[in-house]
1. Got a sec? Which strands (runs of 3 or more DSSP E) wholly within region 427-500 have at least 1 residues that are open to solvent by 30 Å² or more (accessible area, probe 1.4 Å)?
2. When residues of region 319-363 are filtered for being without any contact (Cβ under 8 Å) to a residue 40 or more places away in the chain, acidic (Asp, Glu) and in a strand (DSSP E or B), how many remain?
3. If I ask for residues that are of a type outside the set (D, E, K, R) and open to solvent by 90 Å² or more (accessible area, probe 1.4 Å), which ones from region 291-309 would you list?
4. Pairs needed: first member in region 181-202, without any contact (Cβ under 8 Å) to a residue 12 or more places away in the chain; second member anywhere, open to solvent by less than 60 Å² (accessible area, probe 1.4 Å) and of a type in the set (Lys, Arg); C-beta distance under 7 Å; at least 6 residues apart or different chains.
5. Restricting region 208-239 to residues that are touching a residue at least 24 places away in the same chain (Cβ under 8 Å) and open to solvent by 30 Å² or more (accessible area, probe 1.4 Å), which is farthest from VAL278 (Cα to Cα)?
6. So, in region 310-332, of the ones that are surrounded by 15 or more Cβ atoms within 10 Å (Cβ to Cβ) and more than 30 Å from HIS479 (Cβ to Cβ), which residue ends up farthest from the chain's Cα centre (by Cα)?
7. What's the number of the only condition in (1) among the acidic types (Asp, Glu); (2) crowded, with 17+ Cβ neighbours inside 10 Å; (3) modelled with pLDDT under 90 that ASP366 fails to meet?
Amino acid sequence: MLAYLPRPPTDTSRYGTFPQKPDLPAAPGALVKDGGQQAAATTAKRGAPMPNYPSAPRHSGFVPGEPSLPPSRGSLSAQHHRGRPSWCPPPAPQEAGARLYPLHALNVANIPNSSRGRTSARSSTIPTPEGLQGRRCKLLEEDSPAVQAGKRQRQRYVTKVGKCQVNLGNIQDKKRFLSDIFTTIVDLKYRWFLFVFMMCYVVTWVVFGFIYFFDAWVRGDIGHQGDPEWQACIENVDGFVSALLLSVESQRTIGYGTRMVTANCAEGVILLIAQSIVGSMIDAMMVGCMFVKISRPKKRAQTLIFSKNCVISRRDEKLCLMFRVGDLRESHMVDAKIRAKLIKSRQTAEGEFIPLEQSELNLGYDTGEDRLFLVEPQIICHVINHHSPFWDMSAESLRREQFEIIIILEGIVEATGNPCLAAGMTCQARTSYTEDEILWGYRFEPCMSLEKGAFQVDYSRFEMTFEVQTPAASAKELHELKELEQQEHSTLSLYWDHLLQPC
């Protein structure tokens with residue numbers, strides 16, 4: 001729960017756009033002591049978000065001083081396979097006269113000559129410890145974005161496959177589950193459901209078999225086997241096993257003809273009628289539960305896929321949060337609707353702490369865009385306006401936030417109902433996105449093409465994104481800037497109109 005609390009504000013100098021002047025240590029010993037802190041500072045500088053302005057094409061290696069942009073799917077998978085940063089040289093023995101600068105000095109463009117001279121003199125008087133560079137590179141490897149992304153795993157509210165990570169405990173009134181026994185049995189796992197299914201029949205067979213055996217033993221039918229003058233109530237029952245077979249034959253209506261209940265006793269007829277009624281009830285309940293459990297559209301949700309990342313970019317001059325959804329089956333969903341919830345903890349003005357507060361994200365409810373005709377993969381768009389919780393969130397503040405976006409797609413399975421009447425079983429697919437899975441300044445690649453008179457969907461491009469030029473400012477700042485430009489434009493137009501008017 002505490003994982004969704006807002007992160008404490010960090011020093012703004014770490015996210016500055018200009019390199020800071022380095023503070024040179026007094027001795028190499030202090031350099032070794034502060035090596036870990038300097039490595040963390042350098043990693044924070046490299047990971048600071050920057051506006052996406054057009055720049056020269058980058059190479060695969062790391063360039064010191066450049067801001068790191070959110071990686072795409074392909075680049076992210078490549079980063080996980082890096083063992084050592086490309087800019088970190090292999091460990092080598094230090095020379096006596098080698099220069100040793102602070103770690104954050106790698107990002108500084110120009111270092112004064114006087115500082116270089118003093119650093120060189122100090123490093124030459126005291127020899128550098130062997131393995132210092134290797135330890136520094138090890139620290140930088142641990143603080144790399146790929147490693148931090150792996151270490152920064154926290155408890156999710158909903159997993160990527162749609163399973164809710166909420167456990168209910170300390171339920172006092174458990175009789176409510178027995179009042180709805182049908183739903184309770186259907187919700188059981190398959191191993192427990194099959195166990196209940198089997199035990200319902202086995203228990204009734206054994207119980208009625210014991211009653212048959214007890215009745216035959218009390219009336220003396222077991223002791224008079226083979227006596228033609230004895231009027232038996234239950235014929236050909238000489239033990240518990242034969243009574244159990246009679247119970248199975250009676251309930252399953254097998255009727256082999258060797259064991260049977262005669263009309264010589266009333267309790268035998270009543271017992272046979274009672275077993276037939278109980279067996280019919282068990283058949284109706286168990287067969288109904290089995291049919292519902294097999295035909296439930298729970299597995300249908302596995303063919304409804306979502307993109308693994310959300311993207312934020314501009315669409316129609318508006319900043320939008322977008323994700324992609326698709327259906328792998330040719331039988332389409334009927335009346336498909338999509339919703340989004342933002343899960344985030346907050347503290348009110350009165351000091352009340354609200355854990356995991358749910359707020360709605362508008363996906364076009366007022367315009368009907370949330371109702372999907374899910375034939376091909378579609379990009380769902382959330383416009384970041386003044387009603388959106390992301391209104392004042394920029395690319396820099398996005399890294400410091402902690403929240404989770406829950407996506408819920410539900411519709412009627414076409415194979416289980418009448419599409420005209422919209423009657424059938426409802427299927428629901430869920431997924432979630434955390435703040436680490438949102439790519440700022442990216443857009444989804446098209447995955448549809450026209451081939452041989454039909455539209456072809458290439459699901460291999462379903463997850464692919466490409467980088468676009470997107471300002472790193474928030475939607476609120478962009479709106480204020482646009483209004484300011486409009487005011488300046490209107491002021492200039494009035495000024496020129498006033499100058500052009502004749503005296």
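1. 442-444, 448-451, 454-457, 465-467
2. 2
3. Once the filter is applied, which keeps residues that are of a type outside the set (D, E, K, R) and open to solvent by 90 Å² or more (accessible area, probe 1.4 Å), region 291-309 yields PHE291, ILE294, GLN302.
4. none
5. Per the stated criteria, the residue is GLN231.
6. By that ranking, first place goes to HIS332.
7. Of everything listed in (1) among the acidic types (Asp, Glu); (2) crowded, with 17+ Cβ neighbours inside 10 Å; (3) modelled with pLDDT under 90, ASP366 misses just condition (2).
The values are calculated or read from the model by the stated rules, or taken from the named source; none is laboratory data. Bear in mind the structure is a predicted one, so any value in this text is a computation, not a measurement. As a convention, Cβ positions derive from the backbone with ideal geometry for all residues, glycine included, and neighbour counts pool all protein chains shown. Quick note on the areas: whole protein, heavy atoms, side chains included, nothing else; ligands and nucleic acids left out. Shrake-Rupley method; radii C 1.70, N 1.55, O 1.52, S 1.80 Å.
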